[in-house]
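The values are calculated or read from the model by the stated rules, or taken from the named source; none is laboratory data. No experiment lies behind these values; they were computed from the predicted model shown. Glycine also receives a Cβ, built like all others from the backbone with ideal geometry; neighbour counts cover every protein chain displayed.
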There are 2 protein chains.
Amino acid sequence: MVGICNPDQMSNGFLIRTTRINYFCYPMNYYDKHKDVLATAVAAIYQRKYWSPYPESPRAYAEDADAKAKEAFAKQMNQNFDGLTASTNWVGEEVSPFLQTGIGVKYPQHSVDELLANATKAQQSWGSTSVETRAGLLTESLERIKGRFFDIAYATMHCTGQANMMSFQASGPHANDRALEAVAMGLQQQTIFPAEVEWVKPMGKFDLKLRKNYKSVPKGVGLVIGCSTFPVWNTVPGVYANLICGNVTLVKPHPKAVLPIAIVIAELQKLLTEAGLDPNTVQLAVDTSDAPITKQLAENKAIKLVDFTGSNAFGDYVESLPKTTFTEKAGVNCALIDSVADMKAVAGNLAFSACLYSGQMCTAPQTIFIAETGVKTSEGHFSYDEVVVSISEAFTGLVNNPKMGANILGALQSDVTLNRLQNAKNLGGKVVLDTALVKNEEFENSRTHSPVLLEVSAADEQIYGQECFGPVTFIVKTSNIKQSLEIMQELAVSKGALTCSCWCTDADKCSEIETQMNAAFVPVSFNFGGAAFVNSHAAFSDLHVTGGNPAGNASFTNADFITKRFVWVGNRYGI
Amino acid sequence: MVGICNPDQMSNGFLIRTTRINYFCYPMNYYDKHKDVLATAVAAIYQRKYWSPYPESPRAYAEDADAKAKEAFAKQMNQNFDGLTASTNWVGEEVSPFLQTGIGVKYPQHSVDELLANATKAQQSWGSTSVETRAGLLTESLERIKGRFFDIAYATMHCTGQANMMSFQASGPHANDRALEAVAMGLQQQTIFPAEVEWVKPMGKFDLKLRKNYKSVPKGVGLVIGCSTFPVWNTVPGVYANLICGNVTLVKPHPKAVLPIAIVIAELQKLLTEAGLDPNTVQLAVDTSDAPITKQLAENKAIKLVDFTGSNAFGDYVESLPKTTFTEKAGVNCALIDSVADMKAVAGNLAFSACLYSGQMCTAPQTIFIAETGVKTSEGHFSYDEVVVSISEAFTGLVNNPKMGANILGALQSDVTLNRLQNAKNLGGKVVLDTALVKNEEFENSRTHSPVLLEVSAADEQIYGQECFGPVTFIVKTSNIKQSLEIMQELAVSKGALTCSCWCTDADKCSEIETQMNAAFVPVSFNFGGAAFVNSHAAFSDLHVTGGNPAGNASFTNADFITKRFVWVGNRYGI
């Protein structure tokens, strides 16, 4: 059966070329083991319906897994991290936002020269494995990481300040989903051309025949630079995208957020060793705040690709390197409330999205536009002031709800964010809500603080028109929806945006808003309520960052996220 | 039937989404007319076997087409070019390399401001057409251009110096093939995600449902900068790739090579007008050697994409722009002769490739590596000197063959190339063949000159290790194949290469050469003979330029050539 992208044989809806089957030469044939899930993953990418092979509910896992992991984390504290190539230098400076004490874990540090020499050596063997071998092995690694989800969750909590459930889901199943998505896209993109064809051109009196082959050649060693808030979720897409394309990878974590990704890398290295491959195919490149090595690595000519999540300043620097780069930077995520069915529900949805993990999500809404004429609702017209009151009440209600507040907010990852939050009242505009310490029942020292809500006018762009990372929300009063939309579009073009929320009950207006914001390469989430939150970008369905505005130049996971990591080369043989 | 890349309905092996069928709103439904050829073209891209819908033999067209075109060209000389938006300024400075007189054709010139204002206006309408509308219309334009192949051939001859047959094939059917390839890849890449899905996530006690859509949003106005030697073949891939992605396009031709691409653009504009669309969707942006406008256009913020073919210096400048760029620059194409079946045949094949259009092809071999130990042949061992004699005799034989010489060589496009050729004997090394005027029976003033053949040593990299555009060939004597390969790989990495020719009868050595050169992202053509020449890159099968070394950052036509021109944006609606 021949399909468009599948010039040869099809099995289970997915192309497998018989000419390649013999390439599998490792003791355990992980490709055979995982080919069904890989085929389903490829199909899921192109269908974009809901799919995940890693359950997001902790209840789907062993009953004692959580308790065991909690205990293991307590034992890991103040110990050297085991499972990575040892070194004489051990460094670590993570501080738990919940405990506000150092967790005391140290990681083996290797010099930049050593890391690059190891990587260059490993590139020889990894670069010559087949894409199917890599796909099998990488999917197996995700299976093994699945067995460590609870360990990764506690590690994530105590370096990022994410509450326990988010730590589990974001660094566990959701990160694995994104990693598998990259593997599946990589497998599919690297098999779109046949491995070999006979090309026969009729020349009139004779045929010109050539034998041709097509190879996806890896670009080389990649560097993936992690961030402090999502040390796994934002790191694994680049790591797995590199690896599936045959590119050996160095992971340079944020020095304050190492443990969760160290567990992931240790699992990968263990599996590589078992499979007779070089464990340095993926290495942890730790550094310290006092002696950062990121630029030294990024600028080294041995590094061909750089993935980065973090600030605009550093992201712009990464993009300026003469390399293949993939960035996720900051932006100003806007929200627009034009007309709603239920004002209270909308305010609640917005408050949840803004407060979730204390607004330390790149997808969180920050700047809310409301026309001075107010909002049409199914309960009648709400004046602008009434809308502000609804939102303010929703924020307060969420924070003060003992079952929600501290759990939704989690903790502030750093003192820098706390300072920014505490200074927000001085930014200008009217302080609707100021921040206060929020009691966390489990962790008495937790760095948990309620959000700041500020009211500003359309003219105050210097206040609301930049990212204010953390739980700070601006309500912008505009003349009308037209002005709101113009500012939102202009901000998306100049500052970037990862998300845009919109509540509007008029289909024509929605269509216009969609067109305008899409032209600035911002996706719009309309009329979210219930369990739908703008923060969440689901793998296999939602593209995370479009790559089209200053919020980043890459997208999890479109074809570019893969195809920029290798080069198609076609050879021809006279016959 | 559901395939991997085709989540919905399949017809004729190609995905057509029923949800999009209603988008066709133009008087003539060109998508319906051409959907079969488009489906076949998409299949051909992924099968990479021989395919072309535009016959390359002039005999496949009307018997009097050539004579009519010759007459039409004579009438066009010294006249203003009709068929493009008129202007009060008319410029033109093309000189026929065959006649060595100006052809006197002038083209309407518009100011940069006017060009950009026209383009920005046209972007509104073109950007909102459906990809199927664009695909239909663009395929129709290629059908109409097919009716102008002979006009384009004479135009190409008299600005590039290509002989008649190459002018016909390269600017006619082969260029159309490349344009259709871009259209087909663009249609396929922009329909890989469904237009709309319902996303249903089981949440335990309830389902979370969202309606999602996926849009390929055009990046905006593109600029395509043409070259003087292949004004159509190297220009149309970028033009059609832009247009299929919804990006309005400005074509800035080389001021010495305008007429053939002017005919193409006039056909496009005529069709756009007929279809009720803005003819400025594609504009000709002519300038003069004295007052070039390329940088002014390229740097303008309205220009989002730049395609370029030409020199390394300008190409590096284009790549440095903060835009999406696609470059084809120069390189040093190497050849290696290790062992052959028939030395004379190999020397003849190499001579043909080096002399074809006087070496003014980006794919022509330039630097030939031969070990001092000579070459193994089926007729016995050839010493190094005997191999040089064979090659020299093949060059001389070709040049002196009255049926071949002038016809293969064509004419030198510019005096700059003639000067470079005439100075080649002073580069250093041993002059095996110096250049001489070659008589052209049809055009007595033709700028046709025989090639220079130089012998150099491996140490003379400053001589042979850079592009010497035109009919100059270097034979490099090395210690052994290992040294040859090392230099070839190093040159590919430092200077770039579009092609590599290799003659070697040992399969293991071929495999090693392939691996080494592929690692530098250079494709290798092995053991070419008969009608197989390294110069020729066939659409739908051969990737032209890999994009992985300094010879260029783009490839005709891999997925990147398309996907970098638009942005996937996904919107979500609560339901």
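Reported count of residues in region A:503-515, each being hydrophobic (A, V, I, L, M, F, W, C) and either facing chain B (nearest Cβ under 7 Å) or in contact (Cβ under 8 Å) with a residue 40 or more places away in the chain (or both), is 3. B:Val224 passes every criterion in (1) within 13 Å of another protein chain (Cβ to nearest Cβ); (2) not in a helix (DSSP H, G or I) apart from (1). Take B:Thr499 and tell me if it is in contact with a Phe, Trp or Tyr (Cβ under 9 Å, 6 or more places away or on another chain) and buried (at least 23 other Cβ atoms within 10 Å of the Cβ). Against the criterion (in contact with a Phe, Trp or Tyr (Cβ under 9 Å, 6 or more places away or on another chain) and buried (at least 23 other Cβ atoms within 10 Å of the Cβ)), B:Thr499 does not qualify. Would it be correct to say that A:Thr139 is closer than 25 Å to A:Asp278 by Cα, in contact with a His (Cβ under 6 Å, 6 or more places away or on another chain) and either away from chain B (no Cβ under 14 Å) or not charged (D, E, K, R) (or both)? Criteria met by A:Thr139. Only strands (runs of 3 or more DSSP E) whose full extent lies in region B:338-383 are considered here, and the ones with at least 3 residues that are touching a residue at least 40 places away in the same chain (Cβ under 8 Å) are B:367-371.
Looking only at region B:460-493, how many residues end up being among the aliphatic types (A, V, I, L, M) and more than 27 Å from B:Ser311 (Cβ to Cβ)?
Number of matching residues: 2.
Within region B:181-197, one or more residues are part of a strand (DSSP E or B) and over 19 Å from B:Ile261 (Cβ atoms). Looking across region B:46-78, the residues that are more than 27 Å from A:Val200 (Cα to Cα) and surrounded by 12 or more Cβ atoms within 10 Å (Cβ to Cβ) come down to B:Ala65, B:Asp66, B:Lys68, B:Ala69, B:Lys70, B:Glu71, B:Ala72, B:Phe73, B:Gln76, B:Met77, B:Asn78. Screening B:Asn480, B:Asn518 for residues that are within 13 Å of chain A (Cβ to nearest Cβ), at pLDDT 95 or above and surrounded by fewer than 24 Cβ atoms within 10 Å (Cβ to Cβ) leaves exactly one candidate, B:Asn518. Scanning region A:554-575 for residues that are facing chain B (nearest Cβ under 10 Å), assigned to a loop (DSSP other than H, G, I, E, B) and polar (S, T, N, Q) turns up A:Ser555, A:Asn558.
Check whether at least one residue in region B:100-109 is touching a helix residue (DSSP H, G or I) at 6+ places or on another chain (Cβ under 7 Å) and either in a helix (DSSP H, G or I) or within 14 Å of another protein chain (Cβ to nearest Cβ) (or both), and report yes or no. No: region B:100-109 contains no residue that is touching a helix residue (DSSP H, G or I) at 6+ places or on another chain (Cβ under 7 Å) and either in a helix (DSSP H, G or I) or within 14 Å of another protein chain (Cβ to nearest Cβ) (or both). Within region A:523-545, restricting attention to residues that are more than 7 Å from chain B (Cβ to nearest Cβ) and of a type in the set (Phe, Trp, Tyr), the residue that is farthest from A:Ala507 (Cα to Cα) is A:Phe540. Among the criteria (1) surrounded by 24 or more Cβ atoms within 10 Å (Cβ to Cβ); (2) more than 14 Å from chain B (Cβ to nearest Cβ); (3) among the hydrophobic types (A, V, I, L, M, F, W, C), the one A:Ala184 does not fulfil is (2).
Looking at A:Ala351, is it touching a Pro at 6+ places or on another chain (Cβ under 9 Å), crowded, with 23+ Cβ neighbours inside 10 Å and under 30 Å from A:Asp307 (Cβ atoms)? So A:Ala351 fails the test. As a summary of the residue check, A:Tyr154 satisfies the conditions (1) more than 16 Å from the chain's Cα centre (by Cα); (2) assigned to a loop (DSSP other than H, G, I, E, B) except for the one numbered (2). Residues in region B:110-127 that are assigned to a loop (DSSP other than H, G, I, E, B) and either touching a residue at least 24 places away in the same chain (Cβ under 8 Å) or surrounded by 21 or more Cβ atoms within 10 Å (Cβ to Cβ) (or both): B:His110 alone. Taking region B:259-297 as the region of interest, how many residues are touching a strand residue (DSSP E or B) at 6+ places or on another chain (Cβ under 6 Å) and part of a loop (DSSP other than H, G, I, E, B)? Residues meeting the conditions: 3. Would region B:504-514 turn up any residue that is within 25 Å of A:Phe566 (Cβ to Cβ) and of a type in the set (Gly, Ala, Ser)? So far as region B:504-514 goes, yes, one or more of its residues are within 25 Å of A:Phe566 (Cβ to Cβ) and of a type in the set (Gly, Ala, Ser).
Can you confirm whether A:Asn234 is in a loop (DSSP other than H, G, I, E, B), modelled with pLDDT of 95 or more and either out of contact with any Pro (no Cβ under 8 Å at 6 or more places or on another chain) or surrounded by fewer than 24 Cβ atoms within 10 Å (Cβ to Cβ) (or both)? So A:Asn234 passes the test.
Applying a threshold of 6 Å to beta carbon distances and a minimum spacing of six or more residues, or different chains, the list of pairs starting in region B:195-221 at a residue that is free of Cβ contacts under 8 Å to residues at least 12 places away in the same chain and among the basic types (Lys, Arg) and ending at one that is assigned to a strand (DSSP E or B) and surrounded by 15 or more Cβ atoms within 10 Å (Cβ to Cβ) reads B:Lys201/B:Leu208.
The number of residues in region A:198-211 that are assigned to a loop (DSSP other than H, G, I, E, B) and either more than 8 Å from chain B (Cβ to nearest Cβ) or in contact with a Lys or Arg (Cβ under 6 Å, 6 or more places away or on another chain) (or both) comes to 1.
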